[in-house]
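For reference, the structure discussed in these notes is given below.
Taken together, the values in this text are just the output of simple stated rules run on the coordinates, not laboratory data. Here the structure is a predicted model, which means the values were calculated and not measured. Counting neighbours? That spans all protein chains shown, and the Cβs are built from the backbone with ideal geometry, glycine included.
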Amino acid sequence: MQMERFRYDNAIVRNFIVASILWGTVGFLVGLWVALELIFPQLNFELPFLTFGRLRALHTNAVIFAFVGNAMFGGIYYSLQRLLKARMASDLLSAIHFWGWQLIIVAAAITLPMGITSSKEYAELEWPIDIAIALVWVAFGVNMISTIIKRRERHLYVAIWFYIATFVTVAVLHIFNSLELPVSLFKSYSVYAGVQDALVQWWYGHNAVAFFLTTPILGLMYYFLPKAANRPVYSYRLSIIHFWALIFLYIWAGPHHLLYSALPDWAQSLGTVFSVMLIAPSWGGMINGLLTLRGAWDKVRESVVLKFFVVSVTAYGMSTFEGPMLSLKNINAIAHFTDWIPAHVHIGTLGWNGFLIFGMIYWLMPKIYRTSLFSDKMANAHFWIGTLGILFWALPMYVAGFTQSLMWKDFNPDGTLAYGNFLETVTQLIPMYALRALGGTLYIVGMVLLIINVVRTVRSGELLREEEAEAPALERAYAGHKGEHWHRWIERKPLQMTFWSLVVILIGGIIEIVPTILIKSNIPTIASVKPYTALELEGRDIYIREGCNACHSQMVRPFRSEVVRYDPVHQQYSMAGEYVYDHPHLWGSKRTGPDLHREGGKYPHSWHYNHMWDPTSMSPGSLMPRYTWLYSANGRDASLNTSLTEKKLKAMVQLGVPYTEEYIANWEEELNMQAKSIADELNKDPNIKVQPREEIVALIAYLQRLGTDIKKEPALALNQP
Amino acid sequence: MMKYAKASMETIAGIEIFPLISLGIFFAFFLAVGWYVLRADKRHFRKMSEMPIDANETTHS
């Protein structure tokens, strides 16, 4: 047989790994910073770009897309070439992929702290960056699929299926979730509103976890774990079932993020059912990974790489058990909006993703640098400190989650809330937040050890940029053999594989989303719900810019404990029809502060004025940051920028919000009038001097509007849970 | 087209049945994959599972 000689590209692998380590460190540090801000709110130094709401998005984006993203690309480029016995199809595409991705990360690191955000979780980047992401993603996909097409190995190993599913699904998710109408280069509105926006968002959000943080990592597991253990995966059969079941089921589970929300019931139930079914393939995968090491546990004791993998796969098992549990309505009722959720997420990211990546790095860097790891001892220290870090991160957060949830729901015998002041339920958690910050610090110390170890390793070797290899060419005319099974036929055909993965995930997406968007009866209209005024719309955009939704929900769930707390007079939970003009929705996912959906009218304007200037003045001990830059004071000019207001109103009209032509023609007068009435009211207080056109006035207008429409609806006033 | 789809979907009674239908599709598909996996040739799987290990590579340490 004719042998062909070719070379593997190791430089691209190295580049991605180095980028992952660099951005990962930055992402972790930002995470630690925001964790500390919850203990010491002063740490924002009254600088907008250091404030919690903005930095939290930077942290999540950095660890998901920069740390895990770069590492996964590095691992894919390494394993793909070897599994296919082929060099990446195009060096140019590899380079475009690498540099394009880094540019996107830089763009994110600049725009997010500036408050340029779409506010949709894990998809905060504005539309020009969204387009860049789509292009770079396509470069990656074309490069990968072309490589698969020119391969020298007939069958596609299961890891590659996971890579293909990742590429296809993330592309679909990203495009549909990012459909937005630009108002300017840095501002756009989601084309979906309210409930629909929330459903699309969590269909995306959940599957970003599934197809960005899970399927590619599973692919890496199926390659690097057998590789490091030098034995094949426990059951290849199981891996096939694992693959199909996972991509089939995952795509449906998104609504479990919206239980007890205003989402239609059938969609919620769907989310629960599919989430519970997900345990099966997930645990199948975990068992497959762990059993690969059966009878080789002595190897685990010796190999730090395998140790990292074992903890990683175990963390995968833990979080995929916990996920379905959290999808059960009664557990969700307790856990949702609390610190339980970050705990769950961090078992997944720090444990499952982080440790798999660390193991991979310790295995891979010495390989491509043709040397051995500088210090096994140091890597072992990293392993133990990192594990401790995860525990210190997660355990206090479980305690915090339970504590807060119980306090929220605690009633006195006379039917009043035991902790009527939300703040009491917050200050209680601060010691837990401190322990969490300690956990994060330990994890970062581990990362520092990794950096030292990798740098020393790299110095002791030399990068083998181009690795020689040889393999026989594939006969082109292979026709399969008679009676060949259909599945093996798919395994040989990458394009078919891609196509079928696409079909599988589209079925789930379409059946879940299309009815919610099309069926009118899903969102009963409420006559008294009217569009925001121009001033309120601008105030809402300030809310989005500052990322208030990182700490505040706008979704009163149908529990007695919630309606009594948030709407004591009418006791009305949030209805789907209240959100029809919300492009995008701002339901939030975490209640570090109280829900704000019924905030309007709760306090006088001056309360908000003082509270936003210094929350502790109104709520002693509050950990909400100060927002002094919304005030024209101390030489700062905080005039409301209305240069886009008209365009914004017109964009809303295009999206179906019924502003009249007359309103749009007179928006400025209307805005001035409303601003003046708020400012006049505020200026009655001898300690306040405010101009109508300050940003704080617009924000107050928005806060005071929240939830007031529904109170005008007599028919609904009795709607109690 | 979209309009037509929209109009008819708004009136479909019990659209909730859709998810059930797709659940059925799944089930059928899983049976098929399960059937394949159980019956398929063991040697083929063994060969497949050894792919990461024997990938031709310059070994060094």
Loop chymotrypsin sites (Phe, Trp or Tyr not before Pro), region A:3-74, which have at most 13 other Cβ atoms in a 10 Å radius of their Cβ (DSSP)
A:45
One finds the C-alpha centres of region A:443-466 and region A:202-254 to be spaced, in Å, by 28 Å
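Cut-off is 10 Å between beta-carbons; in what order do A:164, A:678 appear when sorted fewest neighbours first? The partial results should precede the final answer.
Details: A:164 26, A:678 23.
With the fewest neighbours first, A:164, A:678 line up as A:678, A:164.
From other protein chains only, count the Cβ atoms within 10 Å of every residue's Cβ in B:35-45, then give the mean. Before the final figure, lay out the partial values.
Values: counts 2, 7, 9, 2, 1, 6, 2, 2, 0, 5, 7.
Mean shielding by partner chains, rounded to a whole number: 4.
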Which value results when the Cα radius of gyration for region A:361-477 is divided by 2.2 N^0.38 Å?
1.87
Those residues of region A:214-241 whose amide nitrogen sits under 20 Å from the label point placed on residue A:300, 7 Å along Cα→Cβ
A:218-236, A:238-239
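What is the calculated FRET efficiency for residue A:646 to residue A:530, with r their C-beta to C-beta distance and R₀ = 22 Å, to the nearest 0.05? Don't jump to the answer; show the numbers that get you there.
On the way: r = 19 Å, r/R0 = 0.87.
Here the calculated transfer efficiency is 0.70.
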Value of Rg/Rh across region A:576-689 [Cα atoms, Kirkwood radius]
0.99
List the pair-distance distribution P(r) of region A:42-164, using every Cα-Cα distance, as the percent of pairs falling in each 5 Å bin from 0 up to the bin containing the longest distance, rounded to whole percents.
2, 11, 18, 19, 15, 12, 9, 6, 4, 2, 1, 0, 0
How about residue A:307: which aspartates and glutamates have a C-alpha closer than 19 Å to its C-alpha, ignoring those fewer than 8 places off in the same chain?
A:298, A:376
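Once a ≥ b ≥ c are taken as the square roots of the eigenvalues of the Cα gyration tensor of region A:30-85, is the result rounded (a/c under 1.5), prolate (a/b larger than b/c) or oblate (a/b not larger than b/c)? List each step's numbers first, then the result.
Working: a/c = 6.45, a/b = 4.23, b/c = 1.53.
Judged from the Cα gyration tensor, region A:30-85 comes out prolate (a/c at least 1.5, a/b above b/c).
Just to verify a number: FRET efficiency for residue A:670 and residue A:42, C-beta to C-beta distance, R0 = 35 Å, to 0.05? The partial results should precede the final answer.
Details: r = 39 Å, r/R0 = 1.10.
E between residue A:670 and residue A:42, to the nearest 0.05, is 0.35.
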For residue A:493, the lysines lying under 27 Å Cα to Cα, once residues fewer than eight places off in the same chain are dropped, come out as A:85, A:150, A:227, A:482, B:42, B:47
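Can you compute the equivalent ellipsoid semi-axes for region A:562-639, i.e. the square root of 5 times each eigenvalue of the Cα gyration tensor, sorted largest first and rounded to whole Å?
Numbers: eigenvalues 143, 56, 31 Å².
The answer is 27, 17, 12 Å, longest axis first.
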Structure-based [θ]222 nm, chain A - -39500 (n - 2.57) summed over DSSP H runs of at least 4, per residue, nearest 500
-19500 deg cm²/dmol
Between the alpha-carbon centers of region A:563-632 and region A:640-691, tell me the distance in whole angstrom.
20 Å
Here the percent of antiparallel bridges among DSSP beta bridges lying wholly in the protein assembly as shown, to the nearest 5, is 95 percent
Over all Cα pairs of region A:288-338, the Kirkwood radius sets Rh, and Rg/Rh then becomes 1.22
If one takes the longest principal axis of the Cα atoms in chain A, at what angle in degrees, from 0 to 90 and to the nearest 10, does the Cα axis of helix A:194-211 lie?
20 degrees
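Residues of A:241-249, mean number of Cβ from any other protein chain within 10 Å of their own Cβ, rounded to a whole number?
Numbers: counts 6, 0, 1, 7, 5, 0, 0, 6, 2.
Counting Cβ atoms of other protein chains within 10 Å of each residue's Cβ and averaging gives 3.
Which pairs in the list A:530/A:647; A:120/A:712; A:648/A:689 are over 22 Å apart, alpha-carbon to alpha-carbon? Mind dumping the intermediate values first?
Working: A:530/A:647 19 Å; A:120/A:712 30 Å; A:648/A:689 29 Å.
A:120/A:712; A:648/A:689, as the Cα separations exceed 22 Å there.
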I'd like the orientation of helix A:534-546 relative to chain A: the angle between its Cα long axis and the longest Cα principal axis, in ° from 0 to 90, rounded to 10.
40 degrees
Need one word for region A:176-294: rounded, prolate or oblate. Basis is the Cα gyration tensor (sqrt eigenvalues a ≥ b ≥ c); a/c below 1.5 gives rounded, then a/b vs b/c decides.
oblate
Kirkwood Rh, region A:492-615, all Cα pairs: how many Å?
17.6 Å
Which residue, chosen from A:631, A:32, A:118, occupies the Cα position most advanced towards the positive end of the dipole of the protein assembly as shown, where the dipole is computed from +1 (Lys, Arg) and -1 (Asp, Glu) charges on Cβ about the Cα centre?
A:32
Report, in degrees rounded to the nearest 10, the 0 to 90 angle that the Cα long axis of helix A:215-229 makes with the longest principal axis of chain A.
40 degrees
As I understand it, the dipole of the protein assembly as shown uses +1 on the Cβ of Lys and Arg and -1 on the Cβ of Asp and Glu, about the Cα centre. Which of A:617, A:673, A:252 lies farthest toward its positive end?
A:252
By average C-beta atoms within 10 angstrom, highest first, the peptides A:90-101, A:580-591:
A:580-591, A:90-101
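Kirkwood hydrodynamic radius, the protein assembly as shown, all distinct C-alpha pairs: what's the number in Å?
Working: mean 1/r = 0.0361 Å⁻¹.
Result for the protein assembly as shown, one decimal place: 27.7 Å.
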